Structure formats: C-alpha cells, structure tokens
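Reviewing the structure listed below.
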Amino acid sequence: MYWARDYILFHRKRHPRELAEKELEAYLNHLAAQRNVSASTQSQALNALVFLYRHVLELNLGWMEKLVRAKRKQTLPVVMTADEVKRVLEHMHGTPRLMAALIYGTGLRVMECMSLRVLDIDFDARQIIVRSGKGGKDRVTLLPQNVCVALRQHLLDQAVQHNGACLRGGGYTPLPHALARKYPNAARLWKWQYVFTSAVERTDATSGRLMRWHMSPATLQRAFRAAVNLAKIHKHATVHTLRHCFATHLLQSGVDIRTIQTLMGHSSLETTMIYTHVLPTQNQILSPFDAL
C-alpha cells in the first residue's frame, strides 16, 4: 500500500490504469538514482507494484528495457572480540543473558532462539535442533557446556510455571504446521512448550484457549543494547552480531569452513566465506609506516 500510494503521488495523482511500464520504469529509476534506495528496497517496490497491476487492476505489464537496478552493496558484518562479548554478557542478567549466551554459543538467529521448544534441546548429546530455520530447513548445532547449568535451571522454573498454568485451565502453546489438528491435546504437553516464553498468556482468536507464545525479540534487543552501552563498546553491535561472533571466533580457533557452514545453516559456502574477510589477519602485517 505504501509503494502504490507513493507511485501515484510521484505521477501527480494519476490513476495507475492510466500508467504503463514506461511510467513504472521511470518511478523505479527515480528510486535508484534520486532517492538512493538499496537494491532490496527497489525490489520491494517493484514487487508491490507488479502485485498492484496483476492482482488488483488485473493488467499485464510489458517488459521494462531501460530499468536501472540499484547496486547491491557488499558490507562486512560487525564482529566483537571475545573480550568485548564477555564484557557485554557481564552487564546482562536473567533470561536475556541466558538467551544472548545461547546465541553466541550456538550461532542461532534471534527468531530461531525465540522459537526453541523444550524437545529441541538434547542435553545428553549436547546439541540443539533448529526446526524450520531460514529457508524452512532443519539443522543441528552444538549446545555449549557452559550454558547447560543455567539452561537446566531455567527449564525447571518454566516447568513449575507451566504446571501452574495447566491447573488454571491454560498451559496451551501454538503448535507448528498441522499438529494442532492432528493432536489436539499436544498443545499442553511440556515438550512442546517454548523455552523462552512470554510473561503473559493471551486468548487465541481461533480456539478461544489461553495460550502462551514465545518471548518478544524486543525484550532481548533492549537488554542487549543497554549492555553494549554499559560496556562502552562503540561498534554498531546488535543481538545478531553474536551470531557473527560465533562464526568468526570458530574460524579463529581453527574450525574448518564447511563445519561452520553446517552449524550456521547457510545454503551456500560463499555466505560463510564472508567471515574470512573479517578475521584480524592484519594484526600480523607490519605497516610500511611502522617500518620507517
């Protein structure tokens, strides 16, 4: 809706039916040249307007021969040193600290951490199963020994909370895919509960049940941002930076790139190879100015 409105205003409030591929081409080129938008933003605008023509106005657009694509920028990920990660974690407490430590120790994405369920954690095998990660793929990653004690205690506390909710008539959790239809009572089972749950239960609009979803990512992001400021780290570090640190620090310790690719859940090795560009190899090189 935003891009449709902006497109109409750009062409001085003319109706889209009066406009064709030339006008759309001019608008998209304007985004790239004048507004200096990123390649992904231009693609988003293109997809939105193609949807407008094809599915709303039911019109077919012709080929845009003079469309100028915005260039995709190659940026390096922000990475903190091991000492910086330690300083940040020292300024975090409770569940947010446990989540941050888990992301750094496993390489999970933020939403992968949020959507972890009890059955995904295998303490005996020291591994975590990531279900339906990016691209809908499952993978297995390692479970750090140093987080096991805190994670076990957290799950014990969550189990007590869950039992209390069941006694009050709640204790339900949203189930993935069609499991709710196949196994109606599975939503109350402990193994299907989220590891990091929301503080409140909410009524599900479809079933009318009191359900407990996973924690909001904003809770972790706020705690992490405050810890970065308290640690006086001036890098543009976010929670996702911990995932970059996981891969980079494994590379520094000598783990092969293929293993890191598997742990990170990357489809292409080229995606994992970007971490080779942020390794501090320049520390081993003497600047010619220092040799004067």
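Quick check: Cα centre of region 214-254 to Cα centre of region 97-174, how many Å?
Between the Cα centre of region 214-254 and that of region 97-174, the gap is 18 Å.
Once amide H atoms are built 1.01 Å from N in the peptide plane, which residues 5 or more positions from Tyr172, or in another chain, come under 5 Å H to H?
Close amide H contacts, sequence-distant or interchain: Arg212.
Out of residues 5 or more away from Leu142 or on other chains, whose amide H comes under 5 Å of its own, with H placed 1.01 Å from N in the peptide plane?
Ile128
In region 150-264, if the dipole is taken from +1 on Lys/Arg beta carbons and -1 on Asp/Glu beta carbons about the Cα centre, which of Met264, Leu210, Tyr183 is farthest to the positive end?
Leu210
In a GNM of the chain with a 10 Å cut-off on Cα contacts, which of Gln193, Gln34, Gln74 has the highest mean-square fluctuation?
It is Gln34.
Once you order the gyration tensor axes a ≥ b ≥ c over the Cα atoms, which shape class does the chain get: rounded for a/c under 1.5, otherwise prolate or oblate by comparing a/b with b/c?
On the way: a/c = 2.25, a/b = 1.20, b/c = 1.88.
It is oblate, given that a/c is not under 1.5 and a/b is not larger than b/c.
Summing +1 for each Lys or Arg and -1 for each Asp or Glu, what net charge is found among the other residues whose Cβ lies under 12 Å from the Cβ of Lys13? Don't skip to the end; give the middle numbers.
Numbers: positive: Arg5, Arg12, Arg14; negative: Asp6, Glu18.
Residues near Lys13 contribute +1 overall.
For a bin width of 10 Å, list the pair-distance distribution of region 1-134 built from all Cα-Cα distances, rounded to whole %.
10, 27, 17, 17, 19, 10, 0
Taking neighbour Cβ counts within 10 Å as the exposure measure, how do Leu250, Leu24, Leu230 sort from fewest upward? Working shown, then result.
Values: Leu250 19, Leu24 23, Leu230 13.
By the 10 Å Cβ count, ascending, the order reads Leu230, Leu250, Leu24.
Within straight cross-link reach of Lys182, meaning Cα distance under 20 Å, which lysines are found once same-chain residues fewer than 8 apart are removed?
Cross-link targets: Lys191.
Tell me the net charge near Gly170. Cut-off is 12 Å between Cβ atoms, Gly170 excluded, with +1 for each Lys or Arg and -1 for each Asp or Glu. Mind showing how you got there, number by number?
On the way: positive: Arg168, Arg188, Arg202, Arg209, Arg212; negative: Glu201, Asp204.
Once positives and negatives cancel, what remains is +3.
Calculate the dipole size of the chain relative to its Cα centre from +1 charges on Lys and Arg beta carbons and -1 charges on Asp and Glu beta carbons; express the result in debye to the nearest 20. Walk me through the intermediate numbers first.
Values: 38 positive and 21 negative charges, 144 e Å.
Its charge dipole is roughly 700 debye.
Excluding Thr262 itself, what net charge comes from residues whose Cβ is under 13 Å from its Cβ, given Lys and Arg +1 and Asp and Glu -1?
On the way: positive: Lys137, Arg139, Arg258; negative: Asp138, Asp256.
The answer is +1.
With θ taken as phi - 60° and the coefficients 6.51, -1.76 and 1.60, list the Karplus ³J(HN,Hα) couplings across region 228-240 in order, rounded to whole Hz; mark glycine and proline as x.
Whole-Hz 3J(HN,Hα) from phi for region 228-240: 4, 5, 5, 7, 6, 9, 9, 7, 7, 9, 10, 4, 5.
Starting with the fewest neighbours, write out Tyr194, Tyr172 ranked by other beta-carbon atoms found within 10 Å of each beta-carbon. Can you show the working numbers first?
Details: Tyr194 19, Tyr172 23.
Lowest to highest Cβ neighbour count: Tyr194, Tyr172.
Show me, for region 252-257, the HN-Hα J-couplings you get by feeding each phi into the Karplus relation (A = 6.51, B = -1.76, C = 1.60, θ = phi - 60°), rounded to Hz, glycine and proline as x.
4, 7, x, 5, 6, 5
Can I get the semi-axes of region 2-56's equivalent ellipsoid? Compute them from the C-alpha gyration tensor as square roots of 5 times the eigenvalues, in angstrom, largest first. Display every interim value, and only then the final one.
On the way: eigenvalues 59, 33, 17 Å².
Rounded to whole Å, the semi-axes are 17, 13, 9.
Grab the eigenvalues of the alpha-carbon gyration tensor for region 103-232, scale each by 5, take roots, and send me the semi-axes largest first in whole angstrom. Can you show the working numbers first?
Details: eigenvalues 128, 66, 49 Å².
Over the Cα atoms of region 103-232, the semi-axes work out to 25, 18, 16 Å.
What relative contact order, as a whole-number percentage, does the chain give when Cα pairs under 8 Å and 6 or more residues apart are counted? Each step should come with its number before you reach the end.
Working: 348 pairs, mean separation 57.4, N = 292.
Relative contact order here is 20 percent.
Quick note: the coordinates plus some simple rules give every number you see, no bench work behind them. The model shown is predicted, which means the values in this text are computed figures rather than measured ones. Counting neighbours? That spans all protein chains shown, and the Cβs are built from the backbone with ideal geometry, glycine included.
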